[in-house]
Amino acid sequence: MSLEIDEFRCKGKDCCGGKVALDSAFFARIRRARVIADTPFIINSGYRCPKHNKEVGSTSTNHTSGKAADIEAVDGPQRGKILKGLYGAGFLRVGIGKTFIHCDTTETFESCWLY
């Protein structure tokens, strides 16, 4: 099972109507990460239109530029597989939350953080 562009549509209500705009290099990298991880990636949040991005309280442009995703991750084994895939595919920026893992390609410096 591979990731499809539709999984990254904006999930905001009363905003853009489910627009999707993904950076092609980001999309190729996250698809590769999914293969390496050998586990489903459920995308909680991919592309966000500016209105939806503001509604969720974000001021960064990584989701609005189509270079980020939040992947559902609810337990340690699942987090481990997803992280293995992300790092193996070359992601440098990863944020770990209680129920998700964020990845993006908006910066070139390596960083990992907790939500």
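The values are calculated or read from the model by the stated rules, or taken from the named source; none is laboratory data. The structure displayed is predicted, hence computed values, not measured ones. Heavy atoms of the whole protein, side chains included, go into the accessibility calculation; ligands, DNA and RNA do not. Shrake-Rupley method; radii C 1.70, N 1.55, O 1.52, S 1.80 Å.
For region 51-103, just the Cα set please: Rg and Dmax, both in angstrom.
Considering region 51-103 through its Cα atoms, Rg and Dmax are 12.0, 34 Å.
I'd like the carbon and sulfur percentage of the solvent accessible area for the chain, probe radius 1.4 Å, heavy atoms only, ligands and nucleic acids excluded.
Working: 3350 of 6250 Å².
Ligands and nucleic acids excluded, carbon and sulfur give 54 percent.
Give the Debye-formula value of log10 I(q)/I(0) at each listed q (0.13, 0.15 Å⁻¹), with one equal scatterer per alpha carbon of the chain, two decimals each.
-0.43, -0.58
Which angle from 0 to 90°, rounded to the nearest 10, does the C-alpha axis of helix 76-88 make with the longest principal axis of the chain?
The angle comes out near 90 degrees.
Which of rounded, prolate, oblate describes region 20-77, given a ≥ b ≥ c as roots of the alpha-carbon gyration tensor eigenvalues and a/c under 1.5 marking rounded, otherwise prolate only if a/b is larger than b/c? Present the calculation step by step, with values, prior to reporting the outcome.
Working: a/c = 3.02, a/b = 1.49, b/c = 2.03.
Taking the square roots of the gyration eigenvalues as a ≥ b ≥ c, region 20-77 is oblate.
May I ask for the angle, rounded to the nearest 10°, between helix 24-37 and the longest principal axis of the chain, with both axes built from Cα atoms and the value confined to 0 to 90°?
Long axis of 24-37 versus the principal axis of the chain: about 40 degrees.
Number of Lys pairs in the chain with C-alpha atoms less than 15 angstrom apart, excluding same-chain neighbours closer than eight positions? Before the final figure, lay out each step's value.
Details: LYS11/LYS19; LYS11/LYS51; LYS11/LYS54; LYS13/LYS51; LYS13/LYS54; LYS19/LYS51; LYS19/LYS67.
Value for the chain: 7.
Tell me the per residue accessible area of the chain using a 1.4 Å probe; a whole number in Å² is fine. Spell out each step's value before the answer.
Working: 6250 Å² over 115 residues.
Solvent-accessible surface per residue comes out at 54 Å².
Considering only DSSP beta bridges with both partners in the chain, what is the antiparallel share in %, to the nearest 5?
Counting DSSP beta bridges with both partners in the chain, the antiparallel share is about 75 percent.
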